[in-house]
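Reading through the C-alpha cells given below for one structure.
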Amino acid sequence: MFTRISTRTLRFTVGMALTLGAITACGDDDNDNNGVGPGGARIYNQIERLGAPLVAEVFLDKRDHDFHDAGIPSTDRTNFKAKVVKFITTVAGRDAAYAGAVADALLPDVITVQTDKAPTTAGYLQHALTNGYGGRKLADDVVDLSLMVVFGNALGNNNNVSPGLVSDNVPSDSPFQSAFPFLAPRN
C-alpha cells in the first residue's frame, strides 16, 4: 500500500537528506589528521606569497605563479631574479645594473624587517631605499612604492624613468584610526 506524501513534506525530506549528506562529507583536509602535524603543530597550506606585491603579478609569467607560490623565499633569487631583471630591462627599459638592484630589493618575496634599525624608519621597501627598518606601515601604498622603484627614480637612477607609470592612481578611501583595529568601519 502506498501513502500519499505532500510535495512540501517531500521537499523537506529530500532537503534534509541532502543537507545531512553534505555535512557528513565535509572535512578540513583530506589526510584524516584534522590539520594537526607532528608534535601537535597546526598544518596550514600556503596558497599565495605577497611579501613584495608585483613580484609574481607583474614580473613573472602566469605559468610561473604556482611555482612561485609553492616555493620558499630562500630560492627566490635563484629562481626568479633573471625574470625580474628581464622584465625591468625589456618592459621598463631600465639598464641591467638598475634592474639587478631592483630585483635584489624585491627578492626574496618576503616582508623584510631589520630589527637593528630604528623603528621610526619602518615602511615598505625602506630596508632597500634608506637602509631603514623595513616592514610595512598600514598607510604604505605598496603598489605605488613598487611601481616607483621599477619605473621611477626611487633607487636614485634617473635614466629612462616613466613618470606616468609610478602610480596605480587608486586613492585610499579609508581613514586610519589611532586605535585597534585602525581601519574605519565600512559604511
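The values are calculated or read from the model by the stated rules, or taken from the named source; none is laboratory data. Everything numeric here is computed off the predicted structure, so don't read it as measured data. Glycine gets a Cβ as well: all are built from the backbone with ideal geometry, and neighbour counts include every protein chain shown. Side chains are part of the model used for accessible areas, which takes the heavy atoms of the whole protein and leaves out ligands, DNA and RNA. Shrake-Rupley method; radii C 1.70, N 1.55, O 1.52, S 1.80 Å.
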*Please arrange 129, 147, 138, 107 by accessible surface area, largest first, computed with a 1.4 Å probe and ligands excluded.*
138, 129, 147, 107
*For region 131-143, take each phi angle, set θ = phi - 60°, evaluate the Karplus expression 6.51 cos²θ - 1.76 cosθ + 1.60, and give the result in whole Hz per residue in order, putting x for glycine and proline.*
6, x, 4, x, x, 9, 9, 4, 7, 5, 8, 5, 5
*For region 97-146, which whole percent of the accessible surface, found with a 1.4 angstrom probe, sits on carbon and sulfur atoms?*
56 percent
*Top to bottom by accessible area (1.4 Å), largest first, where do 72, 88 land?*
72, 88
*If you take the beta carbon distance between residue 168 and residue 42 as r and set R0 to 30 Å, what does 1/(1 + (r/R0)^6) give as a FRET efficiency, to the nearest 0.05?*
0.25
*asked:* Which of the three applies to region 29-187, rounded, prolate or oblate, going by the alpha-carbon gyration tensor with a ≥ b ≥ c and a/c under 1.5 meaning rounded?
replied: oblate
*Got a sec? Which residues in region 138-177 would a label at residue 184 touch, if it sits 7 Å along Cα→Cβ and we count backbone N under 14 Å?*
171-177
*Once both labels are modelled 7 Å past Cα along the beta-carbon direction, what's the residue 114-residue 155 spacing in nm?*
1.5 nm
